[in-house]
């Protein structure tokens, strides 16, 4: 079975442009997460979907970021307009519905975004 | 606020030597602790979690609530252990599943 997939693997855009990242979770996983690692910093949580609903979006940096998960399957993360500080690696992860506190998150390979 | 600290950015050891990757955390409550590993050109993957109390690839980690630590240990390092290691925590209550990561430690095992 395929793991979490992300597209594109790399994206280079100019400041002010728009970029859309896509994540396909493992089939049957209701929980989908977005994380970001900016150079030199730790991997940081952005938001969490349960099916198509945003469970927690406390990590979204500002309103230039918009995440959607229509139909509760794949998710997109749009950055509009992109700024230089948005450069980094964006990870997606998915997990089954937790049983008790069990919550193993499976990560995608990441999308490396470079804003020039 | 919850935080994970990994004090070492890089750790180099010789093959066969013991390894200890340090992790300290701050969290008001009872967190769930994890170690994730990222091998070269591979994705981030779970290595072990504290509640399972198991040994994976020879690695173990014990949660010390008094010292708020979750150090990762292996008695004899192998070359294939070279990778980035991330300590992470999540809350244990419903709805608190986001992971908080440390900055990571790059382990280099010298042949």
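The values are calculated or read from the model by the stated rules, or taken from the named source; none is laboratory data. Worth saying up front: this structure is predicted, and the values here are computed from it rather than measured. Please note: Cβ atoms are built from the backbone with ideal geometry, for glycine as well, and neighbour counts cover all protein chains shown.
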Residue list for the range B:1-34, restricted to those being closer than 13 Å to residue B:61 by Cα and at pLDDT below 95: B:32, B:33, B:34
Matching option when the condition is more than 26 Å from residue A:94 (Cβ to Cβ) and over 12 Å from the mean Cα position of the chain (by Cα), among B:65, B:22: B:65
Restricting the range A:20-44 to residues that are out of contact with any strand residue (DSSP E or B) (no Cβ under 7 Å at 6 or more places or on another chain) and facing chain B (nearest Cβ under 10 Å), the residue that is modelled with the lowest pLDDT: A:40
Pairs with Cβ under 7 Å, 6+ apart, first in the range B:48-63 and away from chain A (no Cβ under 14 Å), second surrounded by 15 or more Cβ atoms within 10 Å (Cβ to Cβ) and outside any strand (DSSP E or B): B:61/B:50; B:61/B:70; B:61/B:71
The range A:95-116 - residue that is at pLDDT 95 or above and within 14 Å of chain B (Cβ to nearest Cβ) and, of those, surrounded by the fewest Cβ atoms within 10 Å (Cβ to Cβ): A:112
Selected residue (criterion: nearest to the other protein chains (Cβ to nearest Cβ)) from residues of the range B:85-110 that are modelled with pLDDT of 95 or more and surrounded by fewer than 17 Cβ atoms within 10 Å (Cβ to Cβ): B:106
Some residue of the range B:100-108 being in contact with a helix residue (DSSP H, G or I) (Cβ under 9 Å, 6 or more places away or on another chain) and over 25 Å from residue A:5 (Cα atoms): yes
Odd one out for residue B:74 among (1) within 14 Å of chain A (Cβ to nearest Cβ); (2) in contact (Cβ under 8 Å) with a residue 24 or more places away in the chain: (1)
Selection status of residue A:71, exposed (fewer than 15 other Cβ atoms within 10 Å of the Cβ), in a loop (DSSP other than H, G, I, E, B) and at pLDDT below 95: no
Residue in the range A:69-89 that is under 14 Å from the mean Cα position of the chain (by Cα) and within 21 Å of residue B:39 (Cα to Cα) present: yes
